[in-house]
Every structure is written in C-alpha cells, then in structure tokens.
1. Within segment A:131-140, is there a residue that is without any contact (Cβ under 8 Å) to a residue 60 or more places away in the chain and small (Gly, Ala, Ser)?
2. If we keep just the residues of segment B:132-152 that are at pLDDT below 95 and aliphatic (A, V, I, L, M), which is surrounded by the most Cβ atoms within 10 Å (Cβ to Cβ)?
3. Are any of the residues in segment A:131-146 surrounded by fewer than 23 Cβ atoms within 10 Å (Cβ to Cβ), out of contact with any strand residue (DSSP E or B) (no Cβ under 8 Å at 6 or more places or on another chain), within 14 Å of another protein chain (Cβ to nearest Cβ) and more than 16 Å from A:Ser8 (Cβ to Cβ)?
4. Please determine, by comparing only the residues of segment B:179-208 that are facing another protein chain (nearest Cβ under 7 Å) and closer than 20 Å to B:His167 by Cα, which one is nearest to the chain's Cα centre (by Cα).
5. From the set of residues in segment A:81-109 that are outside any helix (DSSP H, G or I) and within 12 Å of another protein chain (Cβ to nearest Cβ), which is surrounded by the fewest Cβ atoms within 10 Å (Cβ to Cβ)?
6. What's the number of the condition B:Ala128 fails, among (1) loosely packed, with under 15 Cβ neighbours inside 10 Å; (2) modelled with pLDDT of 95 or more; (3) touching a Gly at 6+ places or on another chain (Cβ under 9 Å); (4) not aromatic (Phe, Trp, Tyr)?
7. If we scan segment B:157-178, do we find a residue that is assigned to a helix (DSSP H, G or I), without any contact (Cβ under 8 Å) to a residue 12 or more places away in the chain and within 14 Å of chain A (Cβ to nearest Cβ)?
8. Can you tell me which residue is nearest to the chain's Cα centre (by Cα) among those in segment B:108-125 that are farther than 20 Å from B:Gly194 by Cα and surrounded by fewer than 17 Cβ atoms within 10 Å (Cβ to Cβ)?
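The values are calculated or read from the model by the stated rules, or taken from the named source; none is laboratory data. The shown structure was predicted, so the numbers you read here are calculated from the model rather than taken from an experiment. We place every Cβ from the backbone using ideal geometry, glycine too, and count neighbours over all the protein chains shown.
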Amino acid sequence: MLISNIKSRPVYERLRLDGAGRRHLVVSDAPRDLPEVIDGVESAGGLLGYWMVASTATVDGQPQTASAGGNAGEVETRAFRAVSHLMDRLTHRLAQESVGFRLYAIGEEGFIWEIARLAREAGLESYECQTAHAGSMRRKVFCVHCKTITSGVTTSLVACDGCGAHLVVRDHFSRTHAAFMGVLADAEAPGDLPPVEELFP
Amino acid sequence: MMGQTLKLRVASAVTLAPTLKAFRFVPAEGGLVPASGPGAHLRLFLRDGDKVHRNAYSLIANPDDRSHLSIIVRRVAASKGGSAFLHEQVREGDVIEAGLPANLFPVIRTARRHFMVSGGIGLTPFLAYIAAFEAGGTPWELHHFCRPDERGVFEALLDPYAGTRVHIHSGGTLDVLDGPLSHQPLGTHVYTCGPDALMTGALERAAELGWPKARLHSESFGGAVAGGAPFIAVLRRSGIEVAVDAETGLLDAIEAAGVEAPCLCRGGACGQCLIEVADGVPEHRDHFLDHEERASNRFIMTCVSRSKTPRIVLDL
C-alpha cells in the first residue's frame, strides 16, 4: 500500500564540509567518529565543533578539545546525555551565531529534521544546514486525523498514540513536522486491515 | 510602442546638490500610482525634440504610499542627454511619460534582517527599502559610502533615520564593513547598490566571511538596454527586417515595427522575452540565460540584448 516515488521523501547524500563557511558544527544522535560522518573536515580551519548524543548519564556536555586528525585543526567535541540536552544547548548556540555558520546533522530521520527545524527557526536556510541519515530507519508518523505524532514506528501499520486509529505509514514526508504521513488504514471497510510488515528497521 | 505607459505630472523638482535633483510625480489624470515594491524602478520616456531618452531610476518612497512616485536623478557628465534633460528642461507641472514600475531588486521577504551597502546615488533603492522596513518593523542596517563633499546631502536624506542603524562613510575604504559583516545574526541578507567596484568589493568581502551567495544581492540596473552598434534584426516569421539604431533597444525596435513580441520585466531578468536565434551572434546582456545557453547562441532575450553581427535572424 505504500506509494513509491513520493517527491517529498528526502534523498540523502554524505555530509561534506562547506569550505566557504567560517564556523562549522556537526551534530550526531549517536557517538560516531567524525571522519565516518563527514568529508572535507581538513578545510574547516580551527572552527569546527562536533556535538553528539552519548545516551548516558556519565557525560556532562562540557567542551573538550581533540585533534580532527590529518591536517585538520582542533575539534571542539561535546557529548550530551540525551537528544533533548543537545537540542537545548543548540538553541542557545544558534541564537548567538552569525552568518558564516554551517550546521550538519546526522542520525535518524526524526532527529535530523528536528535539527533542521531548529536551524530554520533560527534563520538558517537549507543551503546552510545539511542532513544525512544514519542508524535506524524508524519513523515518526503524523496522524492526519488527530494531528498526534507517534514516534519510533518500524512497521507499515501503526496504532496512533493519540486516537488509536490504525494508520498506514506513507512515504509522504513533512519537513515541518519531521514526520511521515499516517492515514486511516480501514476507512473503506472498517476492521479490514492489511497485514503488518516490518518495513523500517 | 513602449508597452503600457503612465502619464505623470511633476509635482515638485528640488535641487539637493549641484548634480542631484529630486522629482516627485503624481498621476496626471488623478487617482493612485501603480502598485510596486521596494527596489522597483521607473523608466521615463523623455521627449527631447525628436529624440526620446529612456532612463530608469529607482523609486525612493514607500511603495505602500500610492499617492506619488519619487526619484533622485544624478546629472551624469558623460550623459547621453537624459539626466541633463531632467535637470535642465523638466519643470514642476510638466507631464511626462513613464513605463509601469518594474522590480529587479526586490527585498527578500523571508530575511530576518536586512544589511544594505550603498555608494553615492546607489542609495536610492534603499530609501524605499528603509521606508518599508520602518513601516513593517523589520530590523535593518545601512552602510553608505560617498565622497566627503556629498556627505551633507546624504546625511540630510537619511536624517529621518539617523541613529545606530545608519552609517555614513566618506573615507574611501570598504574595510569598515568587515566588522559588521562578521557579526550579523543568522537570517540576515545583504543588498548592495552603487558603482561596480563598490558592489563587487562588498560582495567579495561578504563571501570571504562565509556568506552564502543566496544571501547576497546586488542591483543589476537594466540600464544597458540601448547603446551599442546598430544592427538589422530579421524577423523570419513576420517576414520583415527591423533596423535597430545605436540608441534603441531590440525589443523597442521590434514593437515600433508593429510586431507583437513576448515580454514582461523588460530588464533581462524574467525570461519571458526569450526568442530563438536562427542566424547571427547575440550580444547577451541579460541575467536569465546560463553560461551554456549563452554560449550556444541559440537564444536571445530581446528586452536587453543586442547583436554582435550586423544581421541577426530571429524566429519571430
């Protein structure tokens, strides 16, 4: 029942540092090695930051300086306890940033498009904020009937967290909501549901 | 034919400086002037004996005020006659003809803040910008560069907005831009209007400081319409030949010959007037065709471009 070739379905490329920028910040929803997630860091000069979500209470989000390897300068690395922790600090950072800044986000789609939304709200345009997918394919699903967003969906069919309706998860993607569209699966014949498939591991 | 034209009465003509004169026009037959936006310009058709000067000037008033249209004209020493005619011959009460306002330098509506860099008379579009920003409560900042002897004139023009947002520089260097360009909040756009060297200099400095191209805007005056070697345009489908003299634009000449040609902005920006070239080499003056399209010599934007060859054959 999924419709393919939906234009709103994002297509991702590997992150590449934009050498025209003056300050760069890479954010990741999991600990990853920087060279694994982005190319071209050697052209960043010294003003490169890397923030990641460590998903543990043992980190404090304080800046630490490390070498980016090769010819690259130093990278200021910060590890955050959780996505919310990183988002909170990022909001503050963006409010103080000036034009010349570039943002790069890598992780699950729910995460990278939340980052893109924060960036947009802070005044960054799409050409100043790159996104790339890594990790699980699980989706946030927006119920078109009750407007609730259900997170962590891995299946073709899901019960809405808000109204309990059985939703078909479509490929239509909303950058505003960072979520995919979910519509009632049994609208034509109530109770007649298609088989549930594990589609977004 | 000049497309749709307006009849405007000169409500006032005020000398600001030996080479600067401000004109205020109202509709000759009453009513409101056409709607336009900040950055729009007005093309005047000035009948000077048997010559017609076609000069474009930026509108300086808030476009939301539809009671009048205002411009400032610098008398150019190497003038082909248009600016001298306005300075010497046009008086209060005269009725002159003009095209509809067109905008090749619009404000970016999604910008959070507007950073303007002007040089000399290049201030004019920003007077309309500032009026609109002030009315809408949008943050802005202006850096104006001028000769020391004209500082007073521009201070007077900007006096209503004097304060921290207006910076007038008459020191002759663009270095003063580096600090402010390094500290603009995310979402700011840069606009520049003035002499080529100033515009190029400001844009290069911004790019050096990490500004993406899409945040940088400069006034591309559609002024180079006329001027150039005369040539013959062969209109293949209409079966006629049109002589384009040194003072007339190709589109104007085609229209004068009674042939309907597509057009919209008349400034080389919109792409509406694109015509296929069957033979001859265009002299491209538009901002629409990309590098490859230009190199192919297969298309011409008739509103601004001319011909490098003595004859050019058009599919029109």
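1. no
2. B:Ala132
3. Within segment A:131-146, none of the residues are surrounded by fewer than 23 Cβ atoms within 10 Å (Cβ to Cβ), out of contact with any strand residue (DSSP E or B) (no Cβ under 8 Å at 6 or more places or on another chain), within 14 Å of another protein chain (Cβ to nearest Cβ) and more than 16 Å from A:Ser8 (Cβ to Cβ).
4. Per the stated criteria, the residue is B:Thr188.
5. Only one residue fits best here, namely A:Ser98.
6. (1)
7. Looking through segment B:157-178, none of the residues is assigned to a helix (DSSP H, G or I), without any contact (Cβ under 8 Å) to a residue 12 or more places away in the chain and within 14 Å of chain A (Cβ to nearest Cβ).
8. Among them, the one singled out is B:Arg109.
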